[in-house]
Amino acid sequence: MTVVRFAPSPTGLLHVGNARTALLNWLFAKKLSGKFLLRIDDTDAARSTKAFEEAIYRDLSWLGLTHDGTDRQINRLAIYSTAFYKLQAVGRIYPCFETEAELERQRSLLAARKLPPVYNRASLEPANKAKWEAEGRKPHWRFKLSRSKVSWTDLVRGPVEIDTATMSDPVLVREDGAFLYTLPSVADDIDMAISHVVRGEDHVTNTAAQIEIFEALGGPVPKFAHFPLLVGASGEALSKRLGSLSLEQLRGDGVEPMAVASYLAKIGTSDPVEPRLTLGELATEFDFAKIGRAPAHFVPDELTALNARLLHITPYSAVAGHVPQGEAFWDAIKPNLTKLSDVAEMARLVSGPVTPVIEDAGLAAKAAALLPSEPWDENTWGVWTKAVSAETGAKGRGLFHPLRLALTAQEHGPELKKLLPLIGRERSLARLEGKTA
Ligand code: GLU
């Protein structure tokens with residue numbers, strides 16, 4: 001059974017980078033008829049808030065990413081304690097007594113010698129331990145890495161090998177007894193039978209330590225897929241502009257959730273960036289093999305353009321609840337939409353009030369006189385403008401531009417042959433006569 005999890009920390013709003021992680025997990029799970037679990041990583045009590053947790057649920061449901069189970073880590077502390085004691089029993093946990101300032105000093109000494117900032121395990125020296133304990137220092141607890149090579153076949157990156165001798169033993173528990181991210185994540189992945197860990201490549205190094213923890217706890221070790229992170233248009237880290245790229249912001253800006261999903265599913269892959277109407281289609285097309293090794297560029301203007309393209313292919317049935325004006329109206333206006341909220345302005349073009357712009361009074365008067373009687377359909381425009389042309393001699397732009405301005409007061413807009421029957425004879429006549437209607 002394929003089981004994946006999205007594990008956000010409720011310490012901020014979900015941004016497009018988090019959303020992509022959630023989406024790729026969801027698409028992969030759905031493609032394989034598996035399960036998508038939502039795990040709230042809220043062990044950091046100082047930074048986690050209920051409001052951010054609620055925002056995560058709201059944002060995921062807006063995107064359509066339904067989950068098959070959810071839990072908060074704060075409810076699961078007993079599982080982490082059990083895992084901790086298990087690691088301790090097999091000799092992989094040791095107490096450390098250095099203060100943050102001492103550790104910092106150690107790191108800068110190593111940096112000065114151009115050495116990697118690997119913790120020197122001074123707390124494992126019995127003399128140090130005895131001295132620091134005698135001082136009454138409270139320990140934090142580290143996992144003792146094997147200092148050997150850890151390898152896995154990453155579903156995006158291919159074979160990966162990391163020597164854990166190049167890493168510091170990770171701190172699992174702080175002085176105050178709080179669990180840091182690493183152990184709860186592994187304990188949950190085992191307990192929740194996670195088959196695949198799908199996340200950004202900022203976690204590649206963590207993975208080596210986590211694999212050692214999985215193995216020390218008696219595993220099983222899941223499969224891993226680490227995809228390149230999102231960057232801005234010119235390659236800058238997204239974190240610089242997170243505020244404007246939160247899902248909440250995009251929703252407020254009137255971007256369609258399927259535009260966001262289509263964009264996030266396709267950027268950085270070998271597929272073209274095209275709108276899809278359903279998550280199911282994106283799931284069918286999903287494949288880790290399509291994800292490239294280069295960072296994916298998130299360009300807000302591309303998302304805006306994709307949003308418009310999505311609306312252009314959206315059938316009336318999908319928007320009927322928002323567009324009471326009916327299917328003929330939707331088909332007339334959708335090629336001109338950028339956002340769904342533009343519908344209100346388009347509806348005004350039809351039902352008014354429109355204060356016409358009369359560019360050529362003579363032509364408008366003749367056109368008014370030649371308006372056919374109803375019923376009107378899409379052929380009415382052709383019949384009518386032909387008659388107006390015959391009467392006035394106006395052609396091309398000289399004919400269509402003054403008629404568009406009189407009927408809609410706009411330079412551009414939906415096709416008039418579709419709009420005219422929706423405006424109807426009475427309002428068309430009034431507008432040609434220069435009246436607001
Ligand atoms: N809470 C972690 C994060 O947001 C989860 C990482 C993971 O998927 O293991 O980075």
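Bear in mind that the values in this text are calculations on the coordinates, not laboratory data. Quantities reported herein were computed from a predicted structural model and do not represent experimental measurements. FYI the Cβ positions are ideal-geometry reconstructions off the backbone, even for glycines, and counts take in every protein chain you see.
Could you give the longest part of the chain that holds none of the GluC sites (Glu not before Pro) found in DSSP loops with at most 12 neighbouring Cβ atoms within 10 Å?
Working: sites that count: Glu135, Glu236, Glu411.
Between the exposed loop sites, the longest stretch runs 237-410.
Please report the antiparallel percentage of DSSP beta bridges with both residues in the range 139-262, rounded to the nearest 5.
Bridges in the range 139-262 that DSSP calls antiparallel: roughly 65 percent.
Just the number, please: percent antiparallel of the DSSP beta bridges in the range 1-154, rounded to the nearest 5. Numbers along the way, then the final one.
Details: 4 of 11 bridges.
Percentage antiparallel, nearest 5: 35.
Shape call for the range 152-200 from the C-alpha gyration tensor, a ≥ b ≥ c root eigenvalues: rounded (a/c under 1.5), prolate (a/b greater than b/c) or oblate?
Working: a/c = 3.06, a/b = 1.35, b/c = 2.27.
Judged from the Cα gyration tensor, the range 152-200 comes out oblate (a/c at least 1.5, b/c at or above a/b).
Compare the Cα positions of Leu145, Ala19, Leu77 along the charge dipole of the range 1-154 (+1 at Cβ of Lys, Arg; -1 at Cβ of Asp, Glu; about the Cα centre) and return the one farthest towards the positive end.
With unit charges placed on the Cβ atoms, the residue in question is Leu145.
Rounded to a whole number of µm²/s, how large is the Stokes-Einstein D of the range 239-313 at 10 °C and 1.306 mPa s, given Rh as the Kirkwood radius over C-alpha pairs? Working shown, then result.
Values: Rh = 12.9 Å.
Rounded, D is 123 µm²/s.
With the dipole of the range 243-338 worked out from charges on the C-beta (+1 for Lys and Arg, -1 for Asp and Glu) around the Cα centre, which of Val299, Ala320, Ala332 lies farthest toward the positive end?
Val299
Would you mind working out the magnitude of the charge dipole of the chain relative to its Cα centre, with +1 at each Lys and Arg C-beta and -1 at each Asp and Glu C-beta, to the nearest 20 Debye? Walk me through the numbers before you get to the answer.
Values: 52 positive and 53 negative charges, 113 e Å.
Charge dipole, the chain, about its Cα centre: 540 debye, nearest 20.
Have a look at Asp360, Asp68, Asp287 and tell me which one the Gaussian network model of the chain (Cα, springs below 10 Å) gives the largest fluctuation.
Asp360
Loop-only check: which trypsin sites (Lys or Arg not before Pro) in the range 42-125 are DSSP coil with at most 14 other Cβ within 10 angstrom? Don't jump to the answer; show the numbers that get you there.
Details: sites: Arg47, Lys50, Arg58, Arg72, Arg76, Lys86, Arg92, Arg105, Arg107, Arg113, Lys114, Arg121; in loops: Arg47, Arg92, Arg113, Lys114, Arg121.
Those that pass, being in a loop and sparsely packed, are Arg47, Arg113, Lys114.
What does the charge count around Tyr94 come to, taking other residues whose C-beta lies under 13 Å from its C-beta (Lys +1, Arg +1, Asp -1, Glu -1)? Present the calculation step by step, with values, prior to reporting the outcome.
On the way: positive: Arg92, Arg121, Lys129, Arg142, Lys144; negative: Glu98, Glu125, Glu133, Asp169.
Result for the local shell: +1.
Express as a percent, rounded to the nearest 5, the fraction of DSSP beta bridges in the chain (both residues included) that run antiparallel.
Values: 16 of 30 bridges.
Restricted to the chain, the bridges split so that about 55 percent are antiparallel.
Beyond 18 Å, what share of the Cα-Cα pairs of the range 1-46 is found? Please give it as a whole percent. Mind showing how you got there, number by number?
Values: 338 of 1035 pairs.
Tail fraction, whole percent: 33.
Can you report the principal axis dimensions of the chain using only the alpha carbons, biggest first, rounded to whole angstrom?
106, 44, 36
Size of the dipole of the range 265-325 about the Cα centre, Lys and Arg at +1 and Asp and Glu at -1 on the beta carbon, nothing else charged, in debye to 20? Display every interim value, and only then the final one.
Numbers: 5 positive and 7 negative charges, 9 e Å.
Rounded to the nearest 20 debye, it is 40 debye.
Once you charge only the Cβ atoms, +1 for Lys and Arg and -1 for Asp and Glu, what is the size of the charge dipole of the range 1-127 about its Cα centre, to the nearest 20 debye? Mind dumping the intermediate values first?
On the way: 18 positive and 13 negative charges, 102 e Å.
The calculated dipole for the range 1-127 is roughly 480 debye.
For the range 1-113, rounded, prolate or oblate, judged on the Cα gyration tensor with a ≥ b ≥ c (square roots of eigenvalues), a/c < 1.5 rounded, else prolate if a/b > b/c?
prolate
Cα atoms only: what Rg and Dmax, in Å, come out for the range 346-403?
Every Cα atom of the range 346-403 included, Rg and Dmax give 12.0, 32 Å.
Would you mind classifying the range 40-89 by shape? Square roots of the alpha carbon gyration tensor eigenvalues, ordered a ≥ b ≥ c; an a/c under 1.5 is rounded, otherwise it is prolate if a/b is larger than b/c and oblate if not.
Working: a/c = 4.28, a/b = 1.99, b/c = 2.14.
Verdict is oblate for the range 40-89.
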